[in-house]
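The values are calculated or read from the model by the stated rules, or taken from the named source; none is laboratory data. The shown structure was predicted, so the numbers you read here are calculated from the model rather than taken from an experiment. Note that we place each Cβ from the backbone using ideal geometry, even for glycine, and neighbour counts take in every protein chain shown. SASA here: full protein model, heavy atoms, side chains in, ligands and nucleic acids out. Shrake-Rupley method; radii C 1.70, N 1.55, O 1.52, S 1.80 Å.
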Amino acid sequence: MEEGELIKSAKSGDKRAFAMLFHQNYSFLVKYLMKVTMNPDTAEELAQETMARCIEKIHLYQGKSKFSSWLITIATNLYIDQQRKKKREKNWQQQEDLYRKLKWQLESRNEEWTDALSALGKIADNVRIPIILKHYYGYSYDEIGEMMKLSSGTIKSRVHNGILAVRKELRLNE
Amino acid sequence: MNERKNGMDNNYADDASFLETIKEIENSLESVEQHAPVYTPNLEWFENIVIEKKQQLRKKLIFDVSIFSIVALLVLSAVLFMLYNIPVVFFALQGLFSISIIGYYSLRFIKQVKET
């Protein structure tokens with residue numbers, strides 16, 4: 001069954017169609033959340049919360065964007081809300097603890113944990129997210145603005161300043 | 001002239017290192033995409049999540065509707081009780097609410113006019 005038909009069936013209450021949609025998009029969603037949160041456990045928890053929210057809000061999905069884009073929009077906003085509630089201090093050490101598991105997972109597969117990933121882990125979430133959406137997933141500033149409920153100008157400046165911060169961090173490490 | 005040329009060279013160097021940083025970010029994220037292990041559970045697991053969430057939503061709906069009905073019944077009983085047993089209080093309250101609403105909107109309107 002194609003995605004469009006699955007969405008139609010899911011909207012009319014078909015549980016199997018929902019399950020198939022999630023099954024098809026789960027890996028994409030978790031990998032996106034891993035890059036955003038830099039923590040595999042948080043990524044999996046958020047993916048489950050995202051699916052729950054999706055079941056609740058499926059009637060609002062109009063099909064203007066791809067279903068996967070809609071899912072990552074929900075996931076992004078859930079993560080931002082979660083971080084806002086936690087009001088956690090952005091302590092370097094704490095952040096390093098957060099991405100330790102992902103670092104270990106990559107290194108156990110003989111993949112290098114790059115300075116760029118460390119630098120990305122150190123910048124604020126609301127700066128890292130637009131960088132990932134722009135430079136990895138290829139969304140436009142307008143699309144990211146819509147996803148994060150911010151103006152495209154704000155997104156553009158966050159991306160620019162974020163890259164400058166990463167560059168500075170990379171130079172410091174050289 | 002030389003200063004301007006040096007400035008332009010610095011800009012090009014800045015642009016180049018900016019692009020290089022972006023490339024490095026992209027490559028690093030690609031390594032996460034390719035090598036971070038993600039285990040996708042089977043279809044039944046997803047189906048259970050859907051069933052659980054739907055049950056949860058149904059329970060919440062029943063709870064909300066019950067609370068709404070109870071509050072509506074209480075308000076309606078109080079109003080009817082007042083109307084049949086103490087009509088003076090009922091009409092006094094009606095008048096008081098009407099005057100309060102008119103007063104509130106008049107004040108708001110006056111405030112808006114003064115601001116403009």
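Taken about its Cα centre, region A:36-174 carries a charge dipole of roughly 460 debye when the Cβ of each Lys and Arg holds +1 and the Cβ of each Asp and Glu holds -1. Full extension of the chain between A:Lys57 and A:Arg16 yields a length gain of 13.1 nm, computed as 0.36 nm times the residue separation minus the alpha carbon distance. How far, in degrees from 0 to 90, does helix B:2-35 lean away from the longest principal axis of the Cα atoms of chain B, to the nearest 10? In chain B, helix B:2-35 runs at an angle near 70 degrees to the longest axis. Relative to the longest principal axis of the Cα atoms of chain A, the long axis of helix A:67-86 lies at roughly 50 degrees. The label point for B:Val88 and the one for B:Ala16, both projected 7 Å from the Cα toward the Cβ, are 9.5 nm apart.
Dipole orientation for chain A: of the candidates A:Ile155, A:Ile74, A:Tyr61, A:Ile155 has the Cα lying most toward the positive pole (charges on Cβ; Lys, Arg +1; Asp, Glu -1).
Under the simplified labelling scheme, the A:Leu172-B:Ile110 pair shows an inter-label distance of 5.9 nm, with each label point 7 Å from Cα along Cα→Cβ. Taking the C-alpha atoms only, the angle from helix B:43-85 to the longest principal axis of chain B is near 30 degrees. Among the protein heavy atoms, those of B:Phe97 account for about 130 Å² of accessible surface (1.4 Å probe, every chain in place). In this view, the solvent-accessible surface of A:Tyr61, computed with a 1.4 Å probe and all protein chains in place, comes to about 20 Å². The candidates A:His23, A:His59, arranged from most to least accessible area with a 1.4 Å probe in the full protein assembly, appear as A:His59, A:His23. In units of the rule-of-thumb radius 2.2 N^0.38 Å, region B:18-116 shows an alpha carbon radius of gyration of 2.40. Sorted largest first by accessible area at a 1.4 angstrom probe radius, with every protein chain in place, the residues A:Leu117, A:Leu172 fall in the order A:Leu172, A:Leu117. Under the classification rounded if a/c is under 1.5, otherwise prolate if a/b is larger than b/c and oblate if not, where does region A:1-87 fall, given a ≥ b ≥ c as square roots of the Cα gyration tensor eigenvalues? In terms of gyration-tensor shape, prolate. Restricting region A:1-79 to trypsin sites (Lys or Arg not before Pro) that sit in a DSSP loop and have at most 11 other Cβ atoms within 10 Å of their own Cβ leaves A:Lys64, A:Lys66. Among the listed pairs A:Lys85/B:Lys54; A:Lys31/B:Lys53; A:Lys35/A:Lys103; A:Lys57/B:Lys60; A:Lys11/A:Lys66, a Cα-Cα separation exceeding 18 Å is found for A:Lys85/B:Lys54; A:Lys31/B:Lys53. Placing unit charges on the Cβ atoms of the charged side chains and taking the dipole of region B:39-85 about its Cα centre, the candidate lying farthest along the positive direction among B:Val65, B:Val50, B:Phe81 is B:Phe81. Sorting A:Leu98, B:Leu96 by accessible area puts them as B:Leu96, A:Leu98; the probe is 1.4 Å, largest comes first, and only protein heavy atoms count.
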